[in-house]
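The values are calculated or read from the model by the stated rules, or taken from the named source; none is laboratory data. A quick note: this is a predicted structure, and the numbers were derived from the prediction, not measured. Quick reminder, even Gly has a Cβ in these numbers, built from the backbone with ideal geometry, and neighbours come from all protein chains shown.
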Amino acid sequence: MRKVVDACRAHGVPIRVGVNGGSLEKELLAKYGRVTPEALVESALGHIRLLEKYDFTDVCVSVKSSDVPLNMKAYRLLHETVDYPLHLGVTEAGTPSMGLIKSAVGIGGLLCDGIGDTIRVSLTADPTEEVYAAKRILQACGLRRTGVNLISCPTCGRTSYNMIPIVEELERRLADCDKQITVAVMGCVVNGPGEASAADVGIAGGRGEGLLFRHGTVLRKVPEEKLIDALMDEIGKL
Ligand code: SF4
């Protein structure tokens, strides 16, 4: 332990104390009867004190569990107990669909309360999916200022074009765009531009053609099949 600590100190490398609900010490499981927030935090404190014994405080701490409410309670308790930076994550979160929701709640909920310094999204998927998910969580929490904020209406009886594939295609095309802008895709020309007037640029679909607008002001009509390209051109100008 001392050799690891000395090497980390010499190279300016921080150490993460990574407690995981699935590998909690036997003594703590016996003491608390099951994995609890208190047990996770006590485990973390044990490792932290050991590092502090060697005068090492370049530490980041995580107390991960796959149970979202338990995870959040443990992090809140840890936040009240130590001043070290916290690394947030929901472990074994699962597939991209459910895992993203668990991570958004478990990580995003804490971030919105000002808890957490670094994050990791764990998904049973290509690792690049984890990075995109993390970016989206940071964006949703207002902590990542670059990247497109793509907004779209839920659609309703007024929607008269095939909007869902258009939003999905735009999400793909804008995934790596780092412009700090809001882009809207709206379901109808009647309410769309007005409802999305806060967006920097957007489209609203109609029958066979749609409107391209900026800050709620209509720029021009565009045939439906050219809507995506017209919007991408407009985004390019911003
Ligand atoms: S923008 Fe139009 S289609 Fe979308 S929810 Fe509002 S009224 Fe309905």
Counting only residues that are touching a helix residue (DSSP H, G or I) at 6+ places or on another chain (Cβ under 6 Å) and closer than 10 Å to Tyr75 by Cβ, which one in the range 110-124 is surrounded by the fewest Cβ atoms within 10 Å (Cβ to Cβ)?
Ile115
Please go through the range 73-120 and give me each residue that is farther than 20 Å from Gln139 by Cα, of a type in the set (A, V, I, L, M, F, W, C) and assigned to a helix (DSSP H, G or I), ordered by number.
Ala74, Leu77, Leu78
Just to be sure, is Thr95 at pLDDT below 95 and crowded, with 18+ Cβ neighbours inside 10 Å?
no
Please work out which residue is farthest from Gln139 (Cα to Cα), limiting yourself to the range 160-213 and to residues that are in contact (Cβ under 8 Å) with a residue 40 or more places away in the chain and among the hydroxyl-bearing types (Ser, Thr, Tyr).
Ser160
Suppose we keep only residues that are charged (D, E, K, R) and over 23 Å from the mean Cα position of the chain (by Cα) within the range 174-220. Which one would you say is nearest to the ligand (Cβ to nearest atom)?
Glu195
Out of the range 196-212, which residues are acidic (Asp, Glu) and closer than 8 Å to Thr182 by Cα?
Asp200
Lone qualifier among Glu130, Glu80, Glu92 - being of a type outside the set (A, V, I, L, M) and on the phi > 0 side of the Ramachandran plot:
Glu92
Of the conditions (1) in contact with a strand residue (DSSP E or B) (Cβ under 6 Å, 6 or more places away or on another chain); (2) assigned by TED's automatic domain parsing to the domain that holds Ile115, Ala184 clears all except one; give me its number.
(2)
